[in-house]
Amino acid sequence: MLSQYMEEFEQDPFEVGEFIERLTWRTNNELQSSDEFSPLALHDTFIQTIKDLKILQEKHQSKCERLEESLRQEKEAHAKRVAKLQERHQIAIDCFGELDEKINSVAGKIKHLGQQLENVNTPRSRSVEAQKLLSYMSEFLISGPIVNDIFTDAARLNEAADVIQKLYTISQDLPPGNFAESKRKIEKKYDEVERRLIEEFATAQKSEDIERMKALAQILSQFKGYAQCVDAYIEQSQMTPYSGKDIFIGIVPLCKHHYEIIKKVFANPQQVMSKFILNIYQLKLHQYAMTKLEDKKNEEKYLRTLYELYSRTLKLSTDLQIYMSTIDDDLLQKLTQQIFMKHLAGYAEMETKCLTTKCSTELEKFYASKKHQKTQKTTTFRRNMEVLIATRANINIAAIEDYGGETFLSEELAINMLQEAKASFKRCRLLSTEAELPSNAIKLNDILLRFLMHEHVDYALELGLQAVPLAEGKIFPQLYFFDVVQKTNIIVHLLDKLCNTSIIPCVSNTAKYSDYVFKKRILMEQIETKLDQGLDRSISAVIGWVKVYLQYEQKKTDYKPETDVDTISSAACLQVVQNLQPVIVQIKKCVDGENLQNVLTEFGTRLHRVIYDHLQTMQFNTAGAMCAICDVNEYRKCIRDLDSPLVTQLFDILHALCNLLLVKPQNLQEVCTGDTLNYLDKSVVRQFIQLRTDFRFIKNTNYLKGIIE
């Protein structure tokens, strides 16, 4: 049982309640033969289990005591061992300290001995060196050539360089009288050795012997011709073409490659690298730029080349800045300005001249393609007089020239001009100084506005205004001004886009910005004024035709037939609607934004006024009133495409007024007080009722009580 208890106790987690339940269950199972529950048996089982658990507790208690004793003994043993190790460690530290003191003492003695030996050896070495120099010096003091092997043996070049450099230094202190010949011979040999060192350096450079180059550069650094060594390295490094015809491609890789070599060879790599880059700018780049820019006959090509060379040089300067020392921080910028100074001085004048020529040429080509000779603009006063005379005298004193529907506006031409201007502004931002940029940008903007807006758009608007037919003509007008509006809007949008991206960045936050805004505002106001005039004339021409057409083609019998006829729309109404629908489609196609809604509303209100006035000239019987209502319904269908709530409301009211012509006399009061007509002025309602053929009869009745009064 004890082993069974152990298995249950080792379960995780152990629950006391479950243990008692299992014990009770086992006791009941053993008493299955008995039909009654036996509390005594269960009590005996609990008593026996408690005894077993006490025995198990005593066994484990004794086992724990043995383990604790064993642990205590091991702890004491480990503590003794650690104490011994600490004692040995302390002894080792003491020995190390003694050894360190002995080493320091010996090192001090050795250092002192070395200093004593050096003090003894240095004078001796100097004496030996002085003796050698005197022996070499003696050869230069006697007449005749120098025959010492040290100056003729190529293998002893380094030794010869050391000797001659020291002799040269000594010779500078000799008096010129008696030692003039000796000094001359030393200087000659000095130059010879120096030349041989530079030649040897160049040979090592060709074979890329970095160690030899470094040794020779170190020796030459003591010579006065050290700069010649650097020049020789730079000249030989830049002797081969960089990258064919395009010099810019190979410069950065060339500098990167030689910078690694310069760092290893020369003691002052930053100065050498600065001179390396300086040579590229002053000789290679300068000559390359002069060659490319020598031809100024083709101004456009010259400006493109100047922009490309200048921009690529600036980018090159940025890429090479990492190789420059902090002292030469702005050197590359100054070198760039020196290269292009002459060309940048006359840039602005040439740019304005080139843009003027390009825009003028584009305009001439366009009008030549249209076989059109530009004419003098017709004044607004003259046009108004022609309209007045034609209206009052019913004669046309001047034929309307519509040029076959040609608008003389070209999106392609505008795009070409804007592209040319965009390129000019791009060059202007790069090639102009910060102080001159706003003025140069305004000059280019003036040229663009002159040719694109004044000489092209404004001229086309003038021709478009002249081509609008006079109002109240008998023939349905051919309207081309809506196309002019559409193309003008497109060109203005393109111009605005260019202004935002190219012009405003050049003049913003400067005094020229207000000048730019003023000029553009004046120009846009002129354009908008002429667009409004043209739209007004176009609408007047259409509405005038409707007025005249209905006046001459609408028969009195349409609304006052003598016999019963089919209730259909009149022929005049159908013809008007048929002609108006394409006009509405054209307006919606050519006009955009808020202007579209304004134009459609104006068109609808004028059409309503003409139809309203036209109906006021008629008399209506019952059948004619039905025809009039059909006509108004056709007009309502037509104006739905205007999408104007105001116009829709006006024609709804007109439809309600036409119902007054049809309803029975006794129902007039009810119709007049309806939702549509109730708020109208009573005089308007009375005028429509008077158009009925039975008005005299109605007037003598009480049907109009409250309306006539």
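The values are calculated or read from the model by the stated rules, or taken from the named source; none is laboratory data. Only a predicted model underlies this, so the values are computations on that prediction, with no experimental measurement involved. Please note: Cβ atoms are built from the backbone with ideal geometry, for glycine as well, and neighbour counts cover all protein chains shown. What goes into the accessible areas is simple: the full protein's heavy atoms, side chains included, and nothing from ligands, DNA or RNA. Shrake-Rupley method; radii C 1.70, N 1.55, O 1.52, S 1.80 Å.
So, by mean Cβ neighbours within 10 angstrom, what's the order for 105-116, 356-367, 478-489 with the highest one leading?
Details: 105-116: 10.1, 356-367: 16.6, 478-489: 21.2.
Those peptides, ordered most packed to least, come out 478-489, 356-367, 105-116.
Could you tell me the calculated FRET efficiency between ILE490 and SER514, based on Cβ-Cβ distance and R0 = 25 angstrom, to the nearest 0.05? Write out the running numbers ahead of the final one.
Details: r = 28 Å, r/R0 = 1.12.
Taking R0 as 25 Å, the efficiency between ILE490 and SER514 is 0.35.
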*Could you name the lysines in cross-link range of LYS245, using Cα to Cα under 23 Å and dropping any fewer than eight places away on the same chain?*
LYS256, LYS284, LYS292, LYS296, LYS297, LYS301, LYS315
*Starting at the first residue of region 581-595, write each ³J(HN,Hα) from the Karplus equation 6.51 cos²θ - 1.76 cosθ + 1.60 with θ = phi - 60°, in whole Hz, x for Gly and Pro.*
4, x, 5, 5, 4, 5, 4, 5, 7, 9, 10, 9, x, 5, 4
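Accessible area per residue for region 179-274 in Å², computed with a 1.4 Å probe and the full protein assembly in place, what is it?
On a per-residue basis, 53 Å².
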*Could you rank ILE198, ILE55 by how accessible they are, 1.4 Å probe, largest area first?*
ILE55, ILE198
*Suppose R0 equals 51 Å; then what is the FRET efficiency for ALA92 and GLU58 from their Cβ-Cβ distance, rounded to the nearest 0.05?*
0.45
*asked:* Just to check I understand the Karplus step: with θ = phi - 60° and J = 6.51 cos²θ - 1.76 cosθ + 1.60, what whole-Hz values come out for region 93-107, glycine and proline as x?
replied: 5, 4, 5, 5, x, 5, 5, 5, 5, 5, 4, 4, 5, 5, 4
*Which pairs, out of LYS166/LYS334; LYS353/LYS520; LYS275/LYS422, put more than 31 Å between their alpha-carbon atoms?*
LYS166/LYS334; LYS275/LYS422
*If each of ASP446 and GLN287 carries a label point 7 Å out from its Cα toward its Cβ, how far apart are those two points in nm?*
4.3
*asked:* Run the numbers for VAL106 and THR169: contour at 0.36 nm per residue of separation, minus the present Cα-Cα distance, in nm.
replied: 18.4 nm
_Cα centroid separation - region 289-311 against region 427-458, whole Å_ = 20
*Round to a whole number: what % of the accessible area of region 472-588 belongs to carbon and sulfur, probe 1.4 Å?*
52
*How high is the FRET efficiency from GLU364 to HIS454, r the C-beta distance, R0 22 Å, rounded to 0.05?*
0.90
*Packing-based ranking, highest mean first, of 631-641, 535-545 given that Cβ atoms within 10 Å are counted*: 535-545, 631-641
